[in-house]
1. All other residues with a Cβ under 14 Å from the Cβ of Cys175 taken together, and with Lys, Arg as +1 and Asp, Glu as -1, what is their net charge?
2. So, counting K/R as plus one and D/E as minus one, what does the shell of residues with Cβ under 13 Å around Tyr161 add up to?
3. Can you pull out the GluC sites (Glu not before Pro) in the range 110-201 whose DSSP state is coil and whose Cβ has at most 13 other Cβ atoms within 10 Å?
4. What's the magnitude of the charge dipole for the chain around its Cα centre, counting Lys and Arg as +1 and Asp and Glu as -1 at the beta-carbon? Answer in Debye, nearest 20.
5. Arranged from highest to lowest average of other beta-carbon atoms within 10 Å per residue, in what order do the peptides 222-230, 61-69, 101-109 appear?
6. Sorted from largest down, what three extents in whole angstroms do the Cα atoms of the range 147-293 have along their principal axes?
7. Between Gln282 and Leu234, what is the label-to-label distance in nm when each label sits 7 Å out along the Cα-to-Cβ direction?
8. Give me Rg/Rg_expected for the range 1-125, where Rg uses Cα atoms only and Rg_expected = 2.2 N^0.38 Å with N residues.
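The values are calculated or read from the model by the stated rules, or taken from the named source; none is laboratory data. Quantities reported herein were computed from a predicted structural model and do not represent experimental measurements. All Cβ positions, glycine included, derive from the backbone under ideal geometry; neighbour counts span all protein chains shown. Note: areas computed on protein heavy atoms with side chains; ligands, DNA, RNA excluded. Shrake-Rupley method; radii C 1.70, N 1.55, O 1.52, S 1.80 Å.
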Amino acid sequence: MRTRQQRTLARSVQCSGVGIFTNSDVKIRFFPAPENHGIQFVRTDLSGSKPIPALIENAVFRQRRTAIEFEDASVEMIEHVMAALAGLQIDNCRVEINAPEAPCFDGSSLELSEEFLEAGIVEQPFPRKVISIQQPVTVENEAGSFIQARPLNRSVMAIGYYLNYGADSPVEPQCLTLEINPEVWMNQLAFSRTFVLEEEVAAMRELGYGQRLSAADLLVLGPDGPVDNELRTLDECVRHKMLDCLGDFALLGCDLHGYFSANQSGHALNRELIRQIRLTHQSTESETAWKVA
C-alpha cells in the first residue's frame, strides 16, 4: 500500500470573516504543528479551554453543519476548514479561533486553500497513517439517502456523488466522480460554495442565522437560478457536496483509501459512515495517541 509523509504548514496563516450561524466576527489562525499532532482547534476566547482534536470521537450533532466539542469548548461549521486542510494534505495544524464558529468566507474553501499554498506546506519525517477500505460499509436514513464506502484497487480516495432534489427543485440533478488529490482539490472542488434555497432563507433568518450575510455572499438558489450571484460551474452544488464529504471524512484523523458513493448524503450520514469505518477498519500504522499541546 502506498503511503506518504505527514505534512504541516511552513508558517502561520491568519484569516477573518463572519459566522453564518452565530453572526460572529471571527479571527482564525493556523500554526505549524509537530508530527502526530493532528488537527486541533483552540478557542482563544474561552480562558483556559483545552484543545479540541478534530476527530470523529469529538463530533456533536448540529443542523446543517459539522461541529466538535471537548469538555466545555466547541467549534461549529468546521467542515470547510477541514476540507481545505485535507484537500491539500495538511495533517498537523493548531487552529486558534476566537469565536464558536469558523468564518463563512464566500461559502467555499478557496480563500483558505490559497492562503495555505502561499504559506507553503512541508513534509515531516513520519509516515501518514492510512485506512484502506477492505469491506463495504453503508449507512442510510429513512428518507432514502445513503453513503457507501467500498474497496478500490488503487491507493487513492475516490468520491462519487449523485444529487437529485426532484423535478420542482431549482437545483438540477447532478452527478460527479473524482479521485481526490491536491491538484484535483484546487482545480475541481475548493471553489464550490455552500448553497441554500431561496425558500429556506426566511426560516433560517427567523432562527437568527445569516443576519450579516446577503445573497451575494453565498449561493442562494431561486426558481430562476442564483439570486444576486452566478454559478461558478453548472454543477457547483454537487461539487460542494463532495467538498463537505472530504471535510467530514477528515475527522477520521488519517488518510482514507477507497471508493465513496453518496446519494443525497449530508453531514450526519457522512459522520456516521466515518464512525462505522472507525469500528470496522484499522490503520496500516500502529495506533499512536494524539498529542494534545
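1. With Lys, Arg at +1 and Asp, Glu at -1, the net is -1.
2. -2
3. Glu142
4. Once rounded to the nearest 20, the dipole reads 1100 debye.
5. Highest to lowest by the protection proxy: 101-109, 61-69, 222-230.
6. 52, 36, 27
7. The answer from the label model is 4.9 nm.
8. 1.01
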